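Worksheet: the structure to be examined is printed underneath.
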Amino acid sequence: MDVLAVAVAGRGLVDPRDPVFAADDEALLRGRSVFETVRVYAGRPFLLDRHLARFAASADRVRVPPPDAVECERLAEQVIGACEEQDLALRLYWTGKTLVAAAGPIDPELETLRAHGLRLSVVGWSTGALASAKSMSYAENMGAQDDAVAGGADDALLVAHDGTVLEAPTANVFWREGDTLFTPSLELPILAGVTRGLLLELAKPETVEGVFPLARLLAADEVFLCASLREVMPVAAVDDSTFELGPAAHELQQALRRRATP
């Protein structure tokens, strides 16, 4: 994202062009660090408490001390207050030594993608020990996404080598069969998305969490992704399988916006 404002614990607001991480920080040397991405609506970071809880859980998984939640809130307030635009992408970074908040604009192309639906490409995936942590060791995820985009898709759908549906590189996946929604279980090596958890609360149809083969998703009536910045994003195609942009994604997107902007 383009960065509009940056704040560092112990320093406050800094010039977005200034360095904030030391060259010997393990975030750079080893990738031992964590981050969170939060959508800000009208100056209010949405579900920040849930994001901070996952931030601490991710820190525990990579064996760094927990971030100071109060300081996270203070830094978030500083960067949001420094931006003229109040609908923002907020990111928090924690290396065990340095805590940073950054804010930037929401991608203006998201609504165009939502109207057209995403095209996904299936990528075979071997998960690592940190699959359920939001660590900054995201090079493999970005590589999968880049491969999908290079092949003409908008994003990747990660599928285990036994054919089990997992997630997208930066989003969770749902699909609808008739009146029932399905999504991969958190018992699988996937990220516990904050937006995923909210959709489970908001969904009016029955939602089943489980272990499902790719063939099940490809036969669905409707497929969609969810993530904090992209919210609910319908899927128009997975490789050669096409889908109508159905009612479940639209209704959940509307319900999310009502919750986020009361």
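Mind checking the angle between helix 69-81 and the chain's longest principal axis? C-alpha axes, 0 to 90 degrees, to the nearest 10.
Between helix and principal axis, roughly 90 degrees.
Which label belongs to the value computed from this structure, given these candidates for Rg and Dmax of the Cα atoms in Å: (1) 18.3, 54; (2) 22.1, 89; (3) 17.9, 60?
(1)
Stokes-Einstein at 25 °C, 0.890 mPa s, Kirkwood radius from Cα pairs: D for region 64-150 in µm² s⁻¹? It would help to have the intermediate numbers written out before the result.
On the way: Rh = 16.0 Å.
Result for D is 153 µm²/s.
What does the accessible area per residue of the chain come to in Å², with a 1.4 Å probe and no ligands, DNA or RNA counted? Each step should come with its number before you reach the end.
On the way: 12170 Å² over 262 residues.
That works out to 46 Å² for each residue.
Calculate the spin-label point distance for ARG30 paired with LYS204, positioning each point 7 Å from the Cα along the beta-carbon direction, and give it in nanometres.
Going by the 7 Å Cα→Cβ label model, 5.0 nm.
Only sites in a loop by DSSP and with at most 10 other Cβ atoms within 10 Å count here; which GluC sites (Glu not before Pro) in region 119-228 make the cut? Provide the component values of the computation, followed by the final result.
Details: sites: GLU140, GLU167, GLU177, GLU187, GLU201, GLU206, GLU209, GLU222; in loops: GLU187.
When the GluC sites (Glu not before Pro) of region 119-228 are filtered for loop state and at most 10 Cβ neighbours within 10 Å, GLU187 remain.
Normalised by the residues of the chain, what does the relative contact order come to in percent, with Cα pairs under 8 Å and at least six apart?
On the way: 518 pairs, mean separation 47.4, N = 262.
Result for the chain is 18 percent.
Is region 112-181 rounded, prolate or oblate when judged by the Cα gyration tensor, a ≥ b ≥ c being the square roots of its eigenvalues, rounded requiring a/c under 1.5 and prolate requiring a/b larger than b/c? Could the numbers behind the result be given before it?
Working: a/c = 1.68, a/b = 1.23, b/c = 1.37.
It comes out oblate by the Cα gyration axes.
Considering only the chain, what is the antiparallel percent among its DSSP beta bridges, to the nearest 5? Don't skip to the answer; put the middle values down first.
Working: 43 of 57 bridges.
Within the chain, antiparallel bridges account for around 75 percent of the total.
To the nearest 10 degrees, how steeply does helix 247-260 sit against the main Cα axis of the chain, on a 0 to 90 scale?
Rounded to the nearest ten degrees, it is 20.
Name the residues of region 90-120 whose amide N is less than 16 Å from a point 7 angstrom out from the Cα of ARG11 along the C-beta direction?
Flagged as within label range: 92-103.
For the chain, set up a GNM with springs between Cα atoms under 10 Å and report which of SER137, SER58, SER126 has the largest fluctuation.
SER126
Using Cα atoms only, what is the angle between the long axis of helix 48-61 and the major principal axis of the chain, expressed in degrees (0 to 90) to the nearest 10?
Result, in degrees: 90.
Of all the Cα-Cα pairs you can form in region 181-262, what percent are over 23 Å apart? All intermediate terms of the calculation are to be shown ahead of the outcome.
Details: 626 of 3321 pairs.
Above the 23 Å cut-off, region 181-262 has 19 percent of its Cα pairs.
How about region 159-262: which trypsin sites (Lys or Arg not before Pro) there lie in a loop by DSSP and see at most 16 other Cβ atoms within 10 Å?
Loop-located and lightly packed - none at all.
Quick one: among GLY210, GLY117, GLY193, which has the greatest mean-square fluctuation in a GNM of the chain with alpha-carbon springs under 10 angstrom?
Residue with maximal mean-square fluctuation among GLY210, GLY117, GLY193: GLY210.
Of VAL208, VAL40, VAL173, which is the most mobile in a GNM of the chain whose springs link Cα atoms less than 10 angstrom apart?
Checking each option, the largest mean-square fluctuation is seen for VAL208.
Can you classify region 167-215 as rounded, prolate or oblate using the Cα gyration tensor, where a ≥ b ≥ c are the square roots of its eigenvalues, rounded means a/c under 1.5, and otherwise it's prolate if a/b beats b/c and oblate if not? Could the numbers behind the result be given before it?
Values: a/c = 1.82, a/b = 1.17, b/c = 1.56.
The shape class here is oblate.
Quote to one decimal, in nm, the extra length available between LYS97 and ASP18 on full extension: 0.36 nm per residue of separation minus the C-alpha distance between them. Display every interim value, and only then the final one.
Working: separation 79, 0.36 × 79 = 28.44 nm, distance 1.72 nm.
My answer for the length gained is 26.7 nm.
How high is the FRET efficiency from ALA236 to GLU84, r the C-beta distance, R0 51 Å, rounded to 0.05? Walk me through the numbers before you get to the answer.
Details: r = 35 Å, r/R0 = 0.68.
Between ALA236 and GLU84 the formula returns 0.90.
Taking every pair of alpha-carbon atoms in region 109-262, what share in percent sits in each 10 Å bin, from 0 to the bin with the longest distance?
With 10 Å bins starting at 0, P(r) equals 11, 45, 37, 7, 0.
Post the alpha-carbon centroid distance, region 9-27 to region 199-233, in whole angstrom.
Result: 38 Å between the Cα centres.
Put a dot 7 Å past each Cα toward the Cβ at TYR41 and SER137; how far apart are the dots in nm?
3.5 nm
Could you tell me the ratio Rg/Rh of region 24-117? Both radii from Cα atoms, Rh via Kirkwood. Could you put the intermediate results ahead of the total?
Numbers: Rg = 14.5 Å, Rh = 14.1 Å.
Ratio value, two decimals: 1.03.
The values are calculated or read from the model by the stated rules, or taken from the named source; none is laboratory data. No experiment lies behind these values; they were computed from the predicted model shown. All Cβ positions, glycine included, derive from the backbone under ideal geometry; neighbour counts span all protein chains shown. All accessible areas refer to the heavy atoms of the entire protein, side chains included, with ligands and DNA or RNA removed. Shrake-Rupley method; radii C 1.70, N 1.55, O 1.52, S 1.80 Å.
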